[in-house]
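The next block holds one structure in the form of structure tokens; read it before the comments.
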Amino acid sequence: MEIGIIGLGLIGGSLAIDLRQKGHRVLGVSRRAETCQQAIERGIVDHASTDLALMATAEVVFLCTPLGAIEATLNHLVPHLSPATVLTDVGSVKATVVELIAPRWHNFVGGHPMAGKAESGLDVAQAELFVDRAYVLTPINTTPPTAIETVADLAQSLGCRVYHCRPEEHDRAVAWISHLPVMISASLINACLQEPNHTVSTLAQKFASSGFRDTSRVGGGNPELGVMMARYNQAALLQSLYSYRQQLDQFIQEIEQANWPALEQQLILSQQGRPNFSGT
Ligand code: NAP
């Protein structure tokens, strides 16, 4: 199959590596000529260009730019696509993206591979990033079943577990398990940085070990991506942040009141609930 990837960064580059390895012919478009050059030199794509006209022969196109670049990219892309081309995206937010693309391209299915890293760009693209990860597809009533099947088959071939849900359901679910954790983790780092005593602050930084590494990882990632999550998933993220604030207030109250049995009860619930989340 001839597959187009637009946006040769972490996700686009990693998809290109695996798809090419599976025997597909991969055409890449990125913003900077240096990135296109690097993608060719590393054998990540068969051809690369900064010109979206390269997508004219692609049977499936993955839009892998940052969320903020999707609209402008779509405007320039549509005139180059052949009517049968299946278009999909990898954006971390789905409702706004689907509302934007579906009326412009009938053969479109929204997608989100649930894999990532703290770093961004083609330098950190890697093989098998998506193995054993969820790949969520968010078709709507008008999405052609053949488009869904095509993208689902490709995702499955990368070793992903494929799920289908409505775009809004996706956004509420990822607010809980992806976007809220970024804000909590970033708040944790920023709160620690506010320690006023220099000695204590230095000691904390030296003592930090696996627990802090795990809980601070997603908060120390790409700021641009965090802002995009908040901007494009504002309502769902706010709902989970309000709920989280209530939980935090409850912990504060129990600790202030030295209500250890109540605190223990809360922690028992957390311990019992954690295994419900796959990947933990
Ligand atoms: P990234 O590493 O920053 O890659 C995006 C790439 O897109 C950049 O390297 C840039 O390449 C290129 N680009 C920027 N503007 C462009 C434009 N107007 N036209 C063509 N290419 C352009 O970002 P990413 O982490 O791969 O994220 C890409 C998408 O994946 C986002 O929609 C994000 O929501 C989604 N996603 C991210 C993660 C994650 O954890 N990172 C996980 C799942 C989904 P140049 O070098 O050419 O400038």
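The values are calculated or read from the model by the stated rules, or taken from the named source; none is laboratory data. On a predicted model such as this, the values are computed, not experimentally measured, just so you know. Counting neighbours? That spans all protein chains shown, and the Cβs are built from the backbone with ideal geometry, glycine included.
Structure data summary
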read-out	value
Within region 212-274, helices (runs of 4 or more DSSP H) holding 2 or more residues that are surrounded by fewer than 13 Cβ atoms within 10 Å (Cβ to Cβ) and at pLDDT 95 or above	234-256, 260-273
Residues located in region 38-47, provided they are part of a loop (DSSP other than H, G, I, E, B) and either in contact with a Cys (Cβ under 8 Å, 6 or more places away or on another chain) or of a type in the set (A, V, I, L, M) (or both)	44, 45
Selection status of residue 49, under 21 Å from residue 158 (Cβ atoms) and touching a helix residue (DSSP H, G or I) at 6+ places or on another chain (Cβ under 9 Å)	no
Flag for residue 131 being on the phi < 0 side of the Ramachandran plot, modelled with pLDDT of 95 or more, more than 9 Å from the ligand (Cβ to nearest atom) and crowded, with 22+ Cβ neighbours inside 10 Å	no
Pairs with Cβ under 9 Å, 6+ apart, first in region 212-224 and more than 13 Å from residue 184 (Cα to Cα), second assigned to a helix (DSSP H, G or I) and modelled with pLDDT of 95 or more	222/10; 223/186
Residue that is farthest from residue 121 (Cα to Cα) [pool: residues in region 16-37 that are outside any loop (DSSP other than H, G, I, E, B), within 9 Å of the ligand (Cβ to nearest atom) and within 23 Å of the chain's Cα centre (by Cα)]	29
Some residue of region 220-234 being over 28 Å from the mean Cα position of the chain (by Cα) and more than 20 Å from residue 9 (Cβ to Cβ)	no
Top-ranked residue of region 15-49 - restricted to ones that are surrounded by fewer than 21 Cβ atoms within 10 Å (Cβ to Cβ) and in contact with a strand residue (DSSP E or B) (Cβ under 7 Å, 6 or more places away or on another chain), ranked as nearest to residue 128 (Cα to Cα)	20
